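This report refers to the structure that appears directly beneath it.
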Amino acid sequence: MGKRRIHSRYLISDVIDRQPESRIKDFVDNMFSVEGKVALVTGATGALGKVLAKAYGYAGAKVMMTGRNAAKLQELEAEFKAEDIECAYYAADPAKEEDVAALMKATVEKYGEINILAVCHGFNKPQNILEQSVADWQYIMDADCKSVYVVCKYVAEQMVAQGKGGKMVVVTSQRSKRGMAGYTGYCTSKGGADLMVSSMACDLSAKYGINVNSLCPTVFRSELTEWMFDPESAVYQNFMKREPIGRLAEPEDFVGYAIFLSSDASNYITGANCDCSGGYLTC
């Protein structure tokens, strides 16, 4: 057999084959735990980013929140700390390498390491290709694809240096799987991010024990999508024809999946583009 990987995570088969039954029970009892881990959450001021950041905090993780709006991040920090969540923030543009480098430095100085990355930022500006400027298209690509690369690259370098493995959860979209009018930038960027996740898994999982997966939701409630939740609207009614679950999503619907992909319970899952759309692709 070859040399064992340098990271310290163990396989469930190791526990079953080589440890007493009490260790098996201990693994099962704790396999969803992220307690004591350091979770870096991008897009923390958005609807989904805030919910996931708070969920990690409730689960006992130390949370570093980032986004471009320092004032909103400061408000979140105060809100979270009022609930006894261990957290901090650092304002950064995830598409700017110098900002991300500074974010890594700030996170490690504060908490010593990074164990979990949740990429929750995103941007869209729907336009027909005949009306869209190349600059507008490029802005979407930078915001939704280049930024994923930059953040994941820097976090991966930190995780490799730590030698403990890690978990990366990248929020993309069901629009990575199919096109839509006015979405030449958004669909392309999300498709690129999903393929990037699969490719990063090939680079990072076997050798370094870093699992990389994406969550692919459809519409969830936010300030930008609130109008879609009107049951009388044609948009809502069209969605209901293709949503077997019978409703559109709330940000809280993705907490369980994110915690699962951030914990030892998902140690054998990597490179996956995980459907969490209420069955959107089945109809």
Quiz item: Checking GLU223 against (1) under 21 Å from HIS121 (Cα atoms); (2) modelled with pLDDT under 95; (3) surrounded by 14 or more Cβ atoms within 10 Å (Cβ to Cβ), which single condition isn't satisfied?
Solution: (3)
Quiz prompt | Leading residue by the ranking (nearest to TYR268 (Cα to Cα)) among those in the stretch 32-42 that are in contact with a Ser or Thr (Cβ under 8 Å, 6 or more places away or on another chain) and outside any strand (DSSP E or B) | solution = PHE32
Quiz item: Given the structure, is GLU77 over 19 Å from the mean Cα position of the chain (by Cα), modelled with pLDDT of 95 or more and over 19 Å from SER147 (Cα atoms)?
Solution: yes
Self-check item: Cross-chain or 6+ apart pairs with Cβ under 7 Å, the stretch 29-49 first and under 15 Å from VAL119 (Cβ atoms) and basic (Lys, Arg), then at pLDDT 95 or above and part of a loop (DSSP other than H, G, I, E, B)
Solution: none
Quiz item: Does at least one position in the stretch 71-82 carry a residue that is outside any helix (DSSP H, G or I) and either free of Cβ contacts under 8 Å to residues at least 60 places away in the same chain or in contact with a Cys (Cβ under 7 Å, 6 or more places away or on another chain) (or both)?
Solution: no
Practice problem: Check the stretch 196-203 and report whether any residue there is of a type in the set (D, E, K, R), within 26 Å of ASP136 (Cβ to Cβ) and out of contact with any Leu (no Cβ under 8 Å at 6 or more places or on another chain). | Solution: no
Quiz prompt | Qualifying positions in the stretch 254-279 - in contact with a Lys or Arg (Cβ under 8 Å, 6 or more places away or on another chain), crowded, with 22+ Cβ neighbours inside 10 Å and modelled with pLDDT of 95 or more | solution = LEU261, SER262
Quiz item: If you go through the stretch 186-198 one residue at a time, do you hit one that is buried (at least 18 other Cβ atoms within 10 Å of the Cβ), β-branched (Val, Ile, Thr), in a helix (DSSP H, G or I) and at pLDDT below 95?
Solution: yes
Quiz item: Which one is farthest from LEU117 (Cα to Cα), of the residues in the stretch 229-253 that are in a helix (DSSP H, G or I), modelled with pLDDT under 95 and out of contact with any helix residue (DSSP H, G or I) (no Cβ under 8 Å at 6 or more places or on another chain)?
Solution: ALA234
Exercise. List every residue pair whose Cβ atoms lie under 7 Å apart, where the two residues are 6 or more positions apart in sequence or sit on different chains, the first residue falls within the stretch 160-173 and is surrounded by fewer than 24 Cβ atoms within 10 Å (Cβ to Cβ), and the second residue, located anywhere, is among the hydroxyl-bearing types (Ser, Thr, Tyr).
Key: VAL160/TYR208; LYS164/SER8; GLY165/TYR208
Exercise. Working only within the stretch 254-283, note down all residues that are of a type in the set (S, T, N, Q), within 30 Å of ALA59 (Cβ to Cβ) and not in a loop (DSSP other than H, G, I, E, B).
Key: SER266, ASN273
Quiz item: Could you say which residue among ASP136, ASP203, ASP144 is surrounded by 19 or more Cβ atoms within 10 Å (Cβ to Cβ) and charged (D, E, K, R)?
Solution: ASP144
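The values are calculated or read from the model by the stated rules, or taken from the named source; none is laboratory data. Owing to the predicted nature of the structure, the values given are computational and were not obtained by experimental measurement. Methodologically, a virtual Cβ is constructed for each residue, glycine included, from the backbone with ideal geometry; neighbour enumeration extends over all protein chains shown.
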